[in-house]
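*Asks:* I'd like to ask you about the structure that follows.
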Amino acid sequence: MAVIALKPGYAEAVEFRDRKENFHGNQVVYLHWEEHLSFCSAIAFPLPPEMPFGALIEELIPTYYGMHPDYQSVNWEQVEWKIDGQSSTPDMSKSLADNGVGHKSLICFRTPGLNGYRGSCS
Amino acid sequence: MAGIVSITLQNNDEARPVIESILEDNPSANANYMPGAVKIDCPERLVVKAESVSERIGRDWDPQEIHLTIVSMGGSLDEDDDELVLSWGA
Amino acid sequence: MTPPRKKKMNLKQRYALMTRGLDWETSYQKMDDVFPYDTFEGIKITDWSKWEDPFRLTMDAYWKYQGEKERKLYAVLDSFAQNNGQLGISDARYVNAIKLFLTGVTPLEYQAHRHFAHLGRHIRGVGPRVAAQMQSLDELRHAQTQIHTISHYNKYFDGFAEFPHMHDRVWYLSVPKSFFDDACTAGPFEFFTAISFAFEYVLTNLLFVPFMSGAAYNGDLATVTFGFSAQSDEARHMTLGIEVIKFMLEQHPDNLPIVQKWVDKWFWRGHKMLGLVAMMMDYMLPKRIMSWKEAWEIYFTEAGGALFEDLSRYGLRVPKYADIATEEAEHISHQNWAIFYQYTQAAGFHTWLPTDEEMAWLSEKYPNTFDKYYRPRFEMWREMEAKGERFYNNALPQLCQTCQIPMGYTEPGDPGKIGFRSTEYKGERYHFCSDGCKDIFENEPEKFAQAWLPVHQIFQGNCGGADLGDVLKWYHMDNGADNLDYSGSPDQQQWDAWQAARKKVAN
Ligand SMILES: [Fe+2]
Ligand SMILES: [Fe+2]
């Protein structure tokens with residue numbers, strides 16, 4: 001369905017605000033640790049598409065999720081990844097783009113056996 | 001639960017005669033007091049009669065004076081010189 | 001009050017004279033040129049004269065009663081200020097609820113004033129046109145009374161000073177702002193459905209009644225007074241809301257699907273926005289009157305149930321996803337407070353963890369959800385606080401494209417899982433917190449693809465810089481005073497000093 005507008009040509013004249021070109025060479029990527037909802041939502045980053053996927057584990061995740069009591073126990077070999085809802089086995093040495101991560105992609109990871117503070121999904 | 005109408009009034013001196021009149025004129029009405037306000041629920045229909053309020057305050061009460069103390073309502077409203085009625089299906 | 005006088009005309013005659021009697025059909029200009037906005041939405045009106053205000057309020061009576069309300073209101077506000085009423089509140093934590101309310105709602109009152117003025121000019125039927133004119137004046141009055149309240153609290157507490165500036169910039173204030181922008185950029189009938197019906201009739205009770213009653217319970221005379229004074233106009237606004245719905249449905253059967261779509265949309269938008277009020281009621285009032293869930297049962301399930309049963313004779317059904325919203329009433333206040341707790345560094349009011357007694361109250365009010373899902377979250381944060389490692393979320397949240405709230409809401413039936421929704425439009429992905437928000441986007445993608453999402457705007461470099469400090473500066477938030485925990489805040493220090501001084505006097 002389309003918007004019903006007063007002005008003819010409204011729909012065609014619309015400027016979409018979050019086009020990739022507006023992010024200065026970065027693309028927006030969302031990251032989410034499943035069953036750890038003390039982090040209230042997925043978190044957003046402007047990242048270069050050529051950044052290696054492994055940088056998530058080495059830099060972003062420790063910085064932004066490292067304070068959670070479960071973090072120290074994560075076994076990265078067993079982590080299950082999903083990119084835009086599809087199960088995925090990312091190649092850590094390849095770029096985000098090569099792993100299929102695009103503008104406004106959502107990357108979820110699940111840590112089997114670790115499901116939040118006292119198993120509460122928090 | 002079906003068809004409950006309601007009126008919420010401030011719980012102050014000005015509204016008190018209105019509250020009393022409603023409770024007397026609508027025997028199945030039920031008043032729920034909360035800090036600062038009172039919510040009066042009634043099945044199907046609730047009437048605020050100018051005559052009853054006027055009697056209590058010793059002067060002519062205009063149903064439009066309800067605007068000074070009303071907080072909220074539920075139902076369809078109809079107002080004339082003599083009364084204000086809340087009901088469904090009107 | 002003026003002494004009783006015999007009226008020459010009865011109410012119905014006066015109403016007819018003072019509304020319809022003032023209207024005319026244009027002769028040398030086409031009506032469609034004079035009223036260019038009230039047809040493009042597709043709503044068909046065959047007879048505008050069928051409209052009648054059930055209160056039958058005429059402009060002369062309107063001035064009389066509004067004048068009286070204003071006299072009373074300002075007498076109370078003035079004495080609140082004169083007598084240092086802020087000292088009588090239950091606890092200074094309470095003021096944070098008022099900060100959120102006044103920074104979030106007051107600019108909306110002003111927006112409502114402007115848009116009802118627009119409708120008061122541009123609706124071709126004289127009945128609703130006069131009602132819109134009155135409402136426009138009401139809304140200006142609401143904005144003014146609230147600004148007077150801000151002006152008093154602003155002398156003693158942080159977080160109020162930059163309210164109009166903040167409304168246009170701050171991430172969570174974009175929730176109410178975008179809600180209203182959406183309504184004001186719609187046609188007149190959608191605006192009536194959005195604001196007068198869905199918001200004022202169906203949902204506003206949840207905002208004002210328990211909240212004002214809560215203000216009364218917490219000793220906030222200023223808020224009780226402007227709140228109840230504003231609310232006395234609200235009954236008239238609610239009447240406008242229900243009349244406009246019935247009028248559209250009675251005028252033409254083709255109007256039903258359009259109205260239903262708007263009712264679905266604005267119920268859902270209102271439900272999401274009122275989640276902020278849910279959090280105020282359950283977490284921010286030191287003395288609580290009822291839980292959000294209880295308020296939802298009284299004002300939506302019961303009152304809304306009777307309303308939609310009545311409207312079913314026109315073929316209108318209960319808003320889509322009302323069942324989901326009712327399920328969410330068990331979660332939304334906890335989830336929202338958790339959002340603000342972890343982003344306290346970027347909020348213009350203070351946060352705190354619930355005390356033991358408060359948690360006991362929450363367990364009692366939310367037996368199905370609090371102990372299982374939310375108590376552990378707060379207990380974990382409490383342990384971290386005790387170790388000197390207060391929990392902050394240092395990254396920015398993913399926002400819903402429609403409601404603009406961080407996507408922190410869980411899957412219906414599975415509170416351990418975030419409910420992610422997304423869609424593609426013209427080659428780009430859009431994300432939503434719920435099916436309700438996704439449907440709204442898909443009905444008008446051109447509109448919502450333009451959303452000014454605060455997080456993306458920061459990334460695009462439009463918000464003063466990339467660091468928290470830059471963005472706070474751009475928000476006009478005083479870092480270290482307006483934001484962060486209540487504990488240790490200048491607000492708290494001041495309050496404690498007042499309490500100590502009072503004790504000294506008492507001894
Ligand atoms: Fe208002
Ligand atoms: Fe949403």
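*Asks:* With every protein chain left in place, what is the accessible area of C:W171 in Å² (1.4 Å probe, nearest 10)?
*Replies:* 20
*Asks:* Could you give the dipole magnitude of the stretch B:22-79 about its Cα centre, charging the beta-carbon of Lys and Arg +1 and that of Asp and Glu -1, in debye to the nearest 20?
*Replies:* Dipole of the stretch B:22-79, to the nearest 20 debye: 240 debye.
*Asks:* Here's another thing I want to ask about it. Picking from C:M284, C:N218, C:Q231, whose Cα lies most toward the positive end of the charge dipole for chain C (charges on Cβ: Lys, Arg +1; Asp, Glu -1)?
*Replies:* C:Q231
*Asks:* Please determine, in degrees from 0 to 90 and to the nearest 10, the orientation of helix C:221-251 with respect to the longest principal axis defined by the Cα atoms of chain C, where the helix direction is its Cα long axis.
*Replies:* Result, in degrees: 40.
*Asks:* I've got another one for you. Heavy atoms only, 1.4 Å probe, whole protein assembly: order C:S27, C:S196, B:S87, B:S28 by accessible area, highest first.
*Replies:* I get C:S27, B:S28, B:S87, C:S196, largest accessible area first.
*Asks:* Which angle between 0 and 90 degrees, to the nearest 10, do you get for helix C:490-506 versus the longest principal axis of chain C when only C-alpha atoms count?
*Replies:* Between the helix axis and the principal axis of chain C, the angle is about 80 degrees.
*Asks:* Next question. Binned at 5 Å from 0, what are the whole-percent values of the Cα-Cα distance distribution for the stretch B:4-87, short to long?
*Replies:* 3, 17, 30, 29, 17, 4, 0
*Asks:* Could you report the accessible area of C:Y65 in Å², rounded to 10, computed with a 1.4 Å probe on the protein chains as they sit in the structure?
*Replies:* My reading of the accessible area for C:Y65 is about 10 Å².
*Asks:* Same structure, new question: Calculate the radius of gyration of the Cα atoms of the stretch A:24-116 to one decimal place, then report Dmax, the largest Cα-Cα distance, as a whole number, both in Å.
*Replies:* In Å, with Rg to one decimal and Dmax whole: 12.5, 39.
*Asks:* Moving on. Starting from one equal scatterer on each C-alpha and no solvent at all, send me the Debye-based log10 I(q)/I(0) for the stretch B:1-52 at q = 0.22 Å⁻¹, two decimals.
*Replies:* Scattering profile of the stretch B:1-52, log10 relative to I(0): -0.76.
*Asks:* Still on this structure, I have one more. When all alpha-carbon pairs of the stretch C:372-439 are counted, what percent fall beyond 20 Å?
*Replies:* 46
*Asks:* What is the angle, in °, between the Cα long axis of helix C:95-122 and the longest principal axis of the Cα atoms in chain C? Nearest 10 is fine, range 0 to 90.
*Replies:* For helix C:95-122, the angle is close to 20 degrees.
*Asks:* Can you list residues whose amide H is under 5 Å from A:L37's amide H, if they're 5+ apart or on another chain and H is modeled 1.01 Å from N?
*Replies:* Amide H to amide H, under 5 Å and 5 or more residues apart or across chains, A:L37 pairs with A:S122.
*Asks:* In whole Å, what are the extents of the protein assembly as shown along the principal axes defined by its C-alpha atoms, from largest to smallest?
*Replies:* Cα extents, longest axis first: 89, 76, 44 Å.
*Asks:* Starting from the amide H of C:Y425, placed 1.01 Å from N in the peptide plane, find each other amide H under 5 Å away whose residue is 5 or more places distant or on another chain.
*Replies:* C:Y430
*Asks:* Okay, next question. What are the trypsin sites (Lys or Arg not before Pro) within the stretch B:6-90 that DSSP puts in a loop, where the Cβ has at most 15 other Cβ atoms within 10 Å?
*Replies:* B:R59
*Asks:* Would you tell me the accessible area of C:K64, worked out with a 1.4 angstrom probe on the heavy atoms of the protein chains, in Å² to the nearest 10?
*Replies:* About 80 Å², rounded to the nearest 10.
*Asks:* Counting alpha carbon pairs within less than 8 Å and at least 6 residues apart, what relative contact order, in whole percent, applies to chain A?
*Replies:* In percent, rounded to a whole number, it is 34.
*Asks:* Among C:R14, C:R502, C:R20, what's the order by accessible area (1.4 angstrom probe), most exposed first?
*Replies:* C:R502, C:R20, C:R14
*Asks:* Now for a separate question. Using a cut-off of 12 Å between beta-carbons, work out the net charge of the residues near C:Q492 (Lys and Arg +1, Asp and Glu -1, C:Q492 not included).
*Replies:* Working: positive: C:R93; negative: C:D91, C:D158, C:D485, C:D491, C:D496.
Spelling it out: positives minus negatives among the neighbours equals -4.
*Asks:* Can you check what the Kirkwood hydrodynamic radius comes to for chain C, Cα pairs only, in Å to one decimal?
*Replies:* When all Cα pairs of chain C are included, the Kirkwood radius is 24.3 Å.
*Asks:* For a test of the definition: using alpha carbon positions, the gyration tensor, and the 1.5 limit on a/c, classify the stretch C:165-222 as rounded, prolate or oblate.
*Replies:* Oblate.
*Asks:* Shielding by partners for B:61-67, please: the mean number of other protein chain Cβ atoms within 10 Å of each residue's Cβ.
*Replies:* On the way: counts 2, 8, 3, 9, 4, 4, 13.
For peptide B:61-67, the averaged partner shielding equals 6.
*Asks:* Let me ask something else. Taking the stretch C:1-103, which GluC sites (Glu not before Pro) meet the DSSP loop condition and have no more than 13 other C-beta atoms within 10 Å?
*Replies:* Those that pass, being in a loop and sparsely packed, are C:E25.
*Asks:* Just need the Rg to Rh number for the stretch C:7-69, please, alpha carbons only, Kirkwood Rh. List each step's numbers first, then the result.
*Replies:* Values: Rg = 15.3 Å, Rh = 14.3 Å.
Answer for the stretch C:7-69: 1.07.
The values are calculated or read from the model by the stated rules, or taken from the named source; none is laboratory data. Being a predicted model, the structure only gives us computed values, none of them experimental. Every residue, glycine as well, gets a Cβ built from its backbone with ideal geometry; the counts of neighbours run over all protein chains shown. All accessible areas refer to the heavy atoms of the entire protein, side chains included, with ligands and DNA or RNA removed. Shrake-Rupley method; radii C 1.70, N 1.55, O 1.52, S 1.80 Å.
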